[in-house]
Amino acid sequence: MKRWLALGCAVAAAFPAQGQESAVPQGYAFERPGVLADQYVWGLAHGVRLLALACAQAGQGAAAEAWVDWQEREAAQIEVMRVALSQYYFLRDDAPPDAIAAALRLSTSIDLAPDALAPACASLAEALAQPRYDLARRRAEFLEKK
C-alpha cells in the first residue's frame, strides 16, 4: 500500500493540476523518432516486467529469476531510455519507471487466468534469450523502419 501511495504521489507531482498549462508533452512522440523508439521499447520492457511479476505471484520463481537476469543484461539500455523519457515527459532526469509507465498510459498489471499464465511463465526464460528481447537491437531496428 505504501508503495502505491508513493507511486501516486510521484505521478501526481510530475503532472500539472487539472486546468494548468504545461510544456510537458502527453502521449507518444510521433514527430520525434528517437523518443518514439524509446517509448516503444520501454513498453516492451514494461510488459516483460509485468509478466515476470505475475509469474512470481503465481509461484513461478524460475520466470522471475529469468527476468532478473535479463534485466541485469539490459540495465544500461533501460537506464538510457529512463533518462530520455524522464526528460521528454517530466523535464528532468530522475523520473521513476512507474511514472514513465503512467505517462505512457501502460497497464499496471497482467490479469491472466492461471491456465493462460502458466505457459507464458514456462516460456519466459527461453523468450528472453531471443534477439527480440535485446532492447538496444529492438530500438535500432525500430529506427531503421522509420
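The values are calculated or read from the model by the stated rules, or taken from the named source; none is laboratory data. Quantities reported herein were computed from a predicted structural model and do not represent experimental measurements. Counting neighbours? That spans all protein chains shown, and the Cβs are built from the backbone with ideal geometry, glycine included.
Kindly evaluate Leu143 against the criterion of being over 16 Å from the mean Cα position of the chain (by Cα), assigned to a helix (DSSP H, G or I), among the aliphatic types (A, V, I, L, M) and loosely packed, with under 15 Cβ neighbours inside 10 Å.
Taking the combined requirement at face value, the residue satisfies it.
From the residues in region 51-65 that are closer than 18 Å to Ala129 by Cβ and surrounded by fewer than 17 Cβ atoms within 10 Å (Cβ to Cβ), which one is modelled with the lowest pLDDT?
The qualifying residue modelled with the lowest pLDDT is Gly61.
Which of the following residues is at pLDDT below 95 and crowded, with 16+ Cβ neighbours inside 10 Å: Asp111, Asp98, Asp134, Asp115?
Asp98
Being of a type in the set (Gly, Ala, Ser), out of contact with any helix residue (DSSP H, G or I) (no Cβ under 7 Å at 6 or more places or on another chain), over 22 Å from Phe142 (Cβ atoms) and part of a helix (DSSP H, G or I) is the filter here, so list the residues in region 21-67 that pass it.
Gly61
Can you run down the residue pairs with Cβ atoms below 6 Å, 6 or more apart or on separate chains, where the first is in region 86-97 and in a helix (DSSP H, G or I) and the partner is of a type in the set (Asp, Glu)?
Within 6 Å, the pairs are Ser86/Asp93.
Give the residue that is modelled with the highest pLDDT, with candidates limited to residues of region 5-50 that are within 23 Å of Val80 (Cα to Cα) and acidic (Asp, Glu).
Asp38
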